[in-house]
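The values are calculated or read from the model by the stated rules, or taken from the named source; none is laboratory data. As the structure is a computational prediction, the values presented were derived from the model and not from experiment. Neighbour counts run over all protein chains shown; Cβ positions are idealised from the backbone, glycine included. All accessible areas refer to the heavy atoms of the entire protein, side chains included, with ligands and DNA or RNA removed. Shrake-Rupley method; radii C 1.70, N 1.55, O 1.52, S 1.80 Å.
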Amino acid sequence: MNFSKSRYCGLWQCPKLCWLKQYKPKELKIGAGVEARFATGTDVGDLAMGLFGQYTDVTVTKPDGSLNISAMITKTKKLLNDGAENICEASFSFNGLFCAVDILHKEKGGYAIYEVKSSTSVHYIYVVDVTFQKYVLEKCGIKVTGTYVVNIDSNYERNGELEIKKLFKITDISSFVNDEEELVEENLKYAEEILSKDTEPNLDIDMHCTVFDVYRLSFKNALQTYKKGIVSFEDLRNSNLKISEIQKRQLNFALEEREPYIDREKIKEFLDELTYPLYFLDFETMQLVVPEFDRSHPYDQITFQYSLHYIESVEGELKHKEFLGVSGKDPRRALAESLCRDIPDNVCVLAYNKAFECTRVEELASLFPDLREHLLKIRFNIKDLLVPFQRGYYYNKAMGGSFSIKSVLLALFPDDPSLNYHNLDGIHNGAEAMAIFPKIKDMPLEEAEKARNDLLKYCELDTYAMVKLWQELLRVAKG
């Protein structure tokens, strides 16, 4: 009972990762985004349990919160003997192999496996996962009559009560599972070979690895580059591979001590396109797999917050406005109305990587026809503060080929603690903001107030950072 389906899938994806999880589990780093995906998967799995009507969930936990696998296996056996129609987390073990089936559904002649996923598409790793389950079940004497993936239908639009039969779609993967079955025992032998040794396997870089941290060097090209023996920035610079001017600049700055590169004329051209009053806009969104609000779909970007710094003239006073929705309620209408009040018609708006803000404004305009005209005026007056950095008008070594606002900010203002996101309390990035907002509705009052304040401070820093970058462009443009 020491080799689960998750380890089997991990072996298939990357044998070294599988080994590391067994021998060096403490070195595994899980960020807020990954934790949120785990929580989402659990919520989706719980919701899908009712797809076929009445069911029994065999999950049993110990006092420390870990799964009581022995009890789950015993409970599953009893339910099978009793002819249960639907068993969720049905648990089986065979020769040290363990799996829990999301939904085991009784059919004529046996049981079908339904694997629940929170994604909107079916990936081959799901086939690998289900194949392992089928292997274990059949070794335990269960007749498996079908194998299916249950995942999210991105076309589902909620209006009124949630309809889980429309939210989920079911895909028969039996033909793929039949092909994959032939490889299970070979894979298990390989797993035993890998995991029986306490020395890390010496495996080469492959499709699952990150190879180079070079600006816009695609994963495929990076792997091909590596296989040609190009393994360092110096190798890449000295090779005859075609790379962009921005990539060349990144390599040159990484390998040599150079003064910041500044193209004053290009920066002036960018600044001349801006008019006053000038507004700096940043949105925060959440992506709910299970839509909570009418006229929303799975994984829609639900805009719940914005920060807005603005200035009447170049030398004017910097002012600030903001909006934060109420957790648990659809924030979009109130946010759209507030945005229209806070941003006048036909003023210049700056965003960093404006495609995100533009798309969110377009979505709001589509949702609320009475606000459409004003919202679209905002959208078509948004200019992109990313441009002078991404196009290489201003570059220094510390940027390291990254033009995210956090990378550029740290590169230009390394010693300003007020611009360091790590100094914020509670929320330090968009993934954390996205994860915490939906939870606020369930928090005690004091904790909820702190979370809201943390969100406001985080989003405010995003637009203040934009102001500082704009001011730096003004400074260097003067020469």
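Shape verdict for the stretch 68-213, please, from the Cα gyration tensor: rounded (a/c under 1.5), prolate (a/b greater than b/c) or oblate.
Oblate shape, in that a/c is at least 1.5 and b/c is the bigger or equal ratio.
Averaging the inverse of every distinct alpha carbon separation and then flipping it gives the Kirkwood radius. What is it for the stretch 260-331, in angstrom units?
One decimal place: 15.3 Å for the Kirkwood radius.
Net charge near Asp300: determine it from the other residues with C-beta under 14 Å of the C-beta of Asp300, scoring Lys and Arg +1 and Asp and Glu -1.
-3
Between rounded, prolate and oblate, where does the chain land on the alpha carbon gyration tensor, with a ≥ b ≥ c its root eigenvalues, rounded for a/c under 1.5, else prolate if a/b exceeds b/c?
Oblate.
Could you give the C-alpha radius of gyration of the stretch 314-402 expressed as a fraction of 2.2 N^0.38 Å, taking N as the number of residues it contains? Spell out each step's value before the answer.
Numbers: Rg = 15.8 Å, N = 89, 2.2 N^0.38 = 12.1 Å.
Against the empirical 2.2 N^0.38 Å value, I get 1.30 for the stretch 314-402.
Amide H neighbours of Ser296 under 5 Å, at least 5 residues apart or on other chains, H built in the peptide plane: list them.
Those qualifying (amide H under 5 Å, at least 5 residues apart or on another chain) are Arg158.
Could you run the Karplus curve 6.51 cos²θ - 1.76 cosθ + 1.60 with θ = phi - 60° over the stretch 222-229 and give me ³J(HN,Hα) per residue in whole Hz, x for Gly and Pro?
Values, residue by residue: 4, 5, 4, 4, 4, 5, 8, x Hz.
Could you report the accessible area of Trp12 in Å², rounded to 10, computed with a 1.4 Å probe on the protein chains as they sit in the structure?
Surface open to solvent at Trp12 totals about 120 Å².
Hey, quick one: spin label on Asn353, modelled 7 Å out along Cα-Cβ, who in the stretch 306-336 has an amide N within reach, i.e. under 19 Å?
Residues 306-308 fall inside that zone.
Please list, in chain and number order, the residues 5+ apart from Cys348 or on another chain whose amide H is under 5 Å from its amide H, with Hs placed from the backbone.
Under 5 Å from the amide H of Cys348 lie the amide H atoms of Thr275, Tyr279, each far enough along the sequence or on another chain.
May I ask you to give the percent of accessible area on the chain that is carbon plus sulfur, with a probe radius of 1.4 Å?
Roughly 49 percent, rounded to a whole number.
So with the 1.4 Å probe, I'd like the accessible area per residue for the chain, rounded to whole Å².
52
Over the chain, what is the relative contact order in whole percent, taking alpha-carbon pairs under 8 Å and six or more residues apart? Each step should come with its number before you reach the end.
Values: 718 pairs, mean separation 60.2, N = 479.
It rounds to 13 percent for the chain.
Take the Cα atoms of the stretch 10-99, find their three principal axes, and give me the spread along each one in whole Å, biggest first.
Result for the stretch 10-99: principal-axis Cα extents of 43, 32, 30 Å.
Using the Cα centre of the chain as the reference point, and only Cβ charges (+1 on K/R, -1 on D/E), how large is the resulting charge dipole? Debye, rounded to the nearest 20. Don't jump to the answer; show the numbers that get you there.
Values: 60 positive and 74 negative charges, 128 e Å.
So the magnitude is around 620 debye.
Sum up the charges of everything whose Cβ sits under 14 Å from the Cβ of Leu376, counting Lys and Arg as +1 and Asp and Glu as -1, but leave Leu376 out.
-2
Assuming a ≥ b ≥ c are the square roots of the Cα gyration tensor eigenvalues, decide whether the stretch 358-459 counts as rounded (a/c under 1.5), prolate (otherwise, with a/b larger than b/c) or oblate.
In terms of gyration-tensor shape, oblate.
Per residue of the chain, what 222 nm ellipticity follows from adding -39500 (n - 2.57) for every DSSP H run with n ≥ 4, rounded to the nearest 500?
Theoretical 222 nm ellipticity from helices: -13000 deg cm²/dmol.
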